[in-house]
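Accompanying notes for the structure given below.
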Amino acid sequence: MTVSKSLVLITILALVISFVKAYDPSPLQDFCVAIDDPKDGVFVNGKFCKDPKQAKADDFFFPGLNMAGSTDNKVRSNVTTVNVEQIPGLNTMGISLVRIDYAPYGQNPPHTHPRASEILVLLEGTLYVGFVSSNQDNNRLFAKILQPGDVFVFPIGMIHFQVNVGKTPAVAFAGLSSQNAGVITIADTVFGSNPPINPDFLAMAFQLDVNIVKDLEAKFKN
Ligand SMILES: *[C@@H]1O[C@H](CO)[C@@H](O)[C@H](O)[C@H]1NC(C)=O
């Protein structure tokens, strides 16, 4: 093998390894309760870990997910997040949870989780849910109307949404395959970036009149 071929191979290997490391790591110990102050910590694996001997039940506990979040906002839904910020014991576990409340005709607008697949179960109400596959797959829409007890999966990275199409409030719970799934809401990200993206650029990208883009940027300004 020539030197340049070896270099290419090494570069590809390095890329593969960095992709693998982009996922939540598998734990190398029973648990790794996250702490802010490394003073009493033992291992470092993304966050500092508490000395396992100091771990207690409360590190793995979060109360109150029986309570609805307020849907008094512009999309009329509320996502209550239970990730490593709320439960330090989720550190390195590759899993987290949300509760989502929807007022009648409220929605969780199109968004994507950069680090997690999602599995959602509807408990109450009627939801229209869907995700769109990538360009390579011709951006196919996979959508369904869910009734209580129905489950739907949103694969990692896919843009997805849920709309309450019923006359009553809806509530769903969802598991996410990351301790910190992250969320990119499409409208907020594209039209509400800080500072704003040049409206002329977005006008061409979205095939819109520039004044419409300026209006959208004003609405999503944060
Ligand atoms: C979600 O609900 C909580 C609890 O009622 C509230 O504090 C929060 O402001 C709500 N978020 C939004 C975006 O409405």
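Since every read-out is calculated from the coordinates, none of them should be taken as a lab result. This is a predicted model, so every value here is computed, not measured. Glycine also receives a Cβ, built like all others from the backbone with ideal geometry; neighbour counts cover every protein chain displayed.
Here are the numbers:
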read-out: Rh (Kirkwood; distinct C-alpha pairs) - the chain, Å; value: 20.2 Å
read-out: DSSP H segments from the chain that extend 24 Å or more along their own axis, Cα-based, with Kyte-Doolittle mean of 0.5 or above; value: 3-21
read-out: Alpha carbon Rg of region 74-164, scaled by the compact-globule rule 2.2 N^0.38 Å; value: 1.13
read-out: C-alpha center-to-center spacing [region 175-197, region 137-154] in angstrom; value: 21 Å
read-out: Relative contact order %, region 62-190, counting alpha carbon pairs below 8 Å whose residues are six or more apart; value: 34 percent
read-out: Relative contact order for the chain, counting Cα pairs under 8 Å that sit 6 or more residues apart, in percent; value: 18 percent
read-out: Percent RCO, i.e. relative contact order, over region 24-75, from Cα pairs under 8 Å lying at least 6 residues apart; value: 24 percent
read-out: Computed FRET value (nearest 0.05) for Phe62 with Lys144, which takes r as the C-beta separation and R₀ as 22 Å; value: 0.15
